[in-house]
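> Sending over a structure as structure tokens; questions will come in a sec.
We did not get these values from a lab; they are worked out from the coordinates using the rules stated. Keep in mind it's a predicted model, so treat the numbers as computed, not measured. Using ideal geometry, Cβ is built from the backbone for each residue, glycine included, and neighbour counts are taken over all protein chains shown.
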Amino acid sequence: MKTIVSNTSPIRYLTSIGEAELFPQLFGKILIPKRVYQELTHKNTPDIVRQLLTSLPVWVEVCEVKIPKDNSSLVHLDAGEIEAIFLAEQKRADLLLMDEKKGRLAAKERDLTIMGVLGILELADRQQKIDLPQAIDKLLKTNIKISPSLVQSFLKTKT
């Protein structure tokens, strides 16, 4: 089984559009650092996300992360992104689920394989688990920040 680590945004946004079941269907278990769990259960997180994570589904495992003393190359990231990157490295993850541009760039510099929400939706579409245009339409109704050109590039693969 592959090791998959997730940052906050993929879980938050797929849960918000009613597609949380894609995680166990596509990946089995997802590892998240404690900080990501705290972000997903924070009072300002949408209720549907908080409720899902508070009862901790069997496909989510919250992990301790050892933060190296010299983490200066990642100080420009938020705490959840930092912990997700270090957890992915420490667990030798096959895939890191992350959307934020700065975090993705830092993960790429560290030779981590990454996939964001759109990539997850595209994978699910290829496996005929969702309809990609419908899922992207629901996603765009959330507060996710995604470039229109990126959305179009994913939709073009569908035509």
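> Magnitude of the Cβ-charge dipole of region 45-159, K/R +1 and D/E -1, about the Cα centre, nearest 20 debye?
On the way: 17 positive and 17 negative charges, 60 e Å.
Value, rounded to 20: 280 debye.
> Can you tell me the length gained on complete extension of the stretch Gln90 to Ile48, counting 0.36 nm per residue apart and subtracting the Cα distance?
Details: separation 42, 0.36 × 42 = 15.12 nm, distance 3.01 nm.
Residue separation times 0.36 nm, minus the Cα-Cα distance, leaves 12.1 nm.
> So how far apart, in nm, are the two label points at Leu26 and Gln152 if each is 7 Å from Cα heading toward Cβ?
Here the answer is 2.4 nm between the modelled labels.
> Could I ask something else about it? Pop out the ³J(HN,Hα) list for region 59-69 in order, Karplus 6.51 cos²θ - 1.76 cosθ + 1.60 with θ = phi - 60°, rounded to Hz; leave Gly and Pro as x.
Along region 59-69, the couplings run 8, 10, 10, 8, 10, 6, 10, 8, 8, x, 4 Hz.
> Determine the gain in length on full extension of the stretch Arg110-Ile144; use 0.36 nm per residue of separation and subtract their C-alpha separation, reporting nm with one decimal. The partial results should precede the final answer.
On the way: separation 34, 0.36 × 34 = 12.24 nm, distance 2.52 nm.
Taking 0.36 nm per residue and subtracting the Cα distance, the gain is 9.7 nm.
> May I pose another question? Label points 7 Å out from Cα along the Cβ direction at Lys34 and Ser72: separation in nm?
Result for the modelled spin labels: 2.6 nm.
> Here's another thing I want to ask about it. Express in whole angstrom the spacing between the alpha-carbon centres of region 112-159 and region 1-70.
Their Cα centres are 19 Å away from one another.
> Same structure again: When N counts the residues of the chain, how does its alpha-carbon radius of gyration compare numerically with 2.2 N^0.38 Å, as a ratio? Mind showing how you got there, number by number?
Details: Rg = 15.0 Å, N = 159, 2.2 N^0.38 = 15.1 Å.
Relative to the 2.2 N^0.38 Å estimate, the chain comes out at 1.00.
> To make sure I understand the rule: partners must be lysines, Cα under 18 Å from the Cα of Lys43, and not fewer than 8 residues away in the same chain. Which ones qualify?
In chain and number order, the partners are Lys34.
> I need the peptides 77-89, 10-22, 139-151, 39-51 ranked by packing, meaning the mean over residues of other C-beta atoms within 10 angstrom, with the highest value on top. Walk me through the numbers before you get to the answer.
Values: 77-89: 23.1, 10-22: 21.3, 139-151: 11.9, 39-51: 14.8.
Going from most to least packed, we get 77-89, 10-22, 39-51, 139-151.
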